[in-house]
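Bear in mind these aren't lab numbers, they're just calculated from the coordinates by the rules spelled out. The structure presented is a predicted model; accordingly, all values stated were derived computationally and were not measured. Every residue, glycine among them, receives a Cβ derived from its backbone with ideal geometry; neighbour counts consider all protein chains shown.
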Amino acid sequence: MIFTDVLIVGAGPAGTAAAIELARAGRDVTIIDKARFPRDKCCGDGLTTEALRILQGLGVTPDAVDNWNAVTDIVIRNPRGRQVRLPLPDTGQYAAVVPRFDLDHRLVQLARTSGVAVHEGVAFETIQRDDSSHGHSATSDVQAANVVVTKTSEGLITSRYVIAADGMWSPVRKDVGLAPDGYRGEWHAFRQYFSGVGPQAQHLVVWFEEDLLPGYAWSFPLPGQRANVGFGITRRGRHHVGDMKAIWEDLLTRPHVRAVLGDDAVAEDRHKAWPIPARVDGLPKTSGRVLFVGDAVGATDPMTGEGIAQALLSGQLAADAIEHGGASRPCITATRYERLVERSLVADHLLARRLARLLETNIGARAAIRAADLTPWTRRNFARWMFEDYPRAIAFTPQRWHRGMFSGLGAFESAGEIAELSDDHLTNIN
């Protein structure tokens, strides 16, 4: 049997962010993941400014991650074919593209060097006992009460808390009886890597195709004339997810898509599809001594389907809540985590959901892009807003206001300022 302060199920961005923060605070932390790293992960691979700042705070640097590609501008095409180029500021990195194969592997390595015990190829099976509010441990080797005993494919693990960072289909959530019946996510995405792409594919390109609205297609640039190319649709849209292979084949024949990829582009391996949950405002965030993070709590942007920044942040918030709650106060821990998520994620989530409605129609998408292209100021600031340089709903949440909130440097420019911005998410709420 393994004894640990915190057991984290899942070694993706949410789980490793929580683990690194807790280990640096002196906690004994164990991660289990059924996969072995490095491993591929279905994703668009895009990193927003928010994600980059959190990664910098964790100690991830671009030079230590293979295939890291900084993005300097975005090209958006509206449903009528109008194309707009949105430049990002040159004061640091505001967007990047990094395959999850490489990013997640680096985060796992960083967790290990931070003192986290990482067990790969180990699957969660069941929580055998959660004594979060009463009783004493029946296991003679465990002296203290109020623990979680978790069964895994390699034996039992006893911990003070469990952080479930195990994805949309979270086995932990299912095991504690909180999996929503029939839930399949708000988005469904489809992607494939291409090599030999042309010079236009060196830009980050987003296509708002009339027949995909409120979804969109993308080409995200990678080093070595490669690109992550795909599309996402919402389940409330006009398409059925069963049509995605046919949509993909048609999308790749469109002249403006072919023009970006170039005549020599070659598809690598096979295409992959995955569901995206975006329900952080509705899913239970805790269960006794279990805290849900990342996709397991539906922490994805409902407007774009982006979730890496939200995953990283939710992991940090869970770590903060455990640090403040302590081993013997699970109710305080759960309450703090729920309040931190409400403060840091839910307001932006709700605003993004309302804004997504504007992009459901041809007219709405065209109007939004036209407004973004009015002046150099609108082009620059629309790009910053879209890539989460500051929280989307910050104007409506005064408790998050701070000096320089609309003028922050990008990541990897000023460590002091990045730390200050990151600390804003963890302001004491007691």
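Some notes on this structure:
- Degrees between helix 347-358 axis and first principal axis of the chain (Cα, 0 to 90, nearest 10): 30
- For the Cα trace of segment 244-390, dividing Rg by the Kirkwood Rh returns an Rg/Rh value of 1.09.
- Tilt relative to the chain, helix 100-113 - C-alpha long axis, 0 to 90 degrees, to 10: 30
- Helix axis angle, 13-24 relative to the chain longest principal axis, alpha carbon, degrees: 50
- √(5λ) per eigenvalue of the Cα gyration tensor, segment 226-300, largest first, Å: 35, 15, 10
- Shape category assigned to segment 149-225 from the gyration tensor of Cα positions, a/c cut at 1.5: oblate
- Residues in segment 1-39 reached by a label modelled at Leu156 [backbone nitrogen below 14 Å; 7 Å Cα→Cβ]: 1-4
- Whole-angstrom gap from segment 304-360 to segment 150-225, using each part's C-alpha centre: 17
- Every Cα-Cα pair in segment 64-122 was counted, and those over 12 Å apart are 75% of them.
- Additional length obtainable on full extension of the chain from Glu125 to Arg39, 0.36 nm per residue less Cα span: 28.8 nm
- Between Asp211 and Leu355, the modelled labels are 2.9 nm apart [label points 7 Å from Cα along Cα→Cβ].
- Of the chymotrypsin sites (Phe, Trp or Tyr not before Pro) found in segment 326-411, those in coil by DSSP whose Cβ has at most 16 other Cβ atoms within 10 Å are Trp401, Phe406.
- Dipole moment magnitude, nearest 20 debye, segment 1-87 about Cα centre, only Lys, Arg, Asp, Glu C-beta charged: 500
- On the principal axes of its alpha carbon atoms, segment 1-107 extends 61, 28, 22 Å, with the longest extent given first.
- Straight-line cross-link partners of Lys151 among the lysines, defined as a Cα under 16 Å from its Cα and at least 8 positions apart when in the same chain: Lys34, Lys174.
- Taking a straight line from the alpha carbon of Lys245, these lysines sit under 17 Å away, with near neighbours fewer than eight places off in the same chain left out: Lys272.
- Taking trypsin sites (Lys or Arg not before Pro) across segment 380-416, the ones in a DSSP loop with at most 14 further Cβ atoms lying within 10 angstrom of their Cβ are Arg403.
- Charge dipole (debye, nearest 20) of the chain; +1 at Cβ of Lys and Arg, -1 at Cβ of Asp and Glu: 980
- Estimated [θ] at 222 nm from DSSP helical runs (n ≥ 4, -39500 (n - 2.57)) normalised by residues in the chain, nearest 500: -9000 deg cm²/dmol
- One way to sum up the overall shape of segment 187-276 is the equivalent ellipsoid from its Cα gyration tensor, whose semi-axes run 22, 13, 11 Å, largest first.
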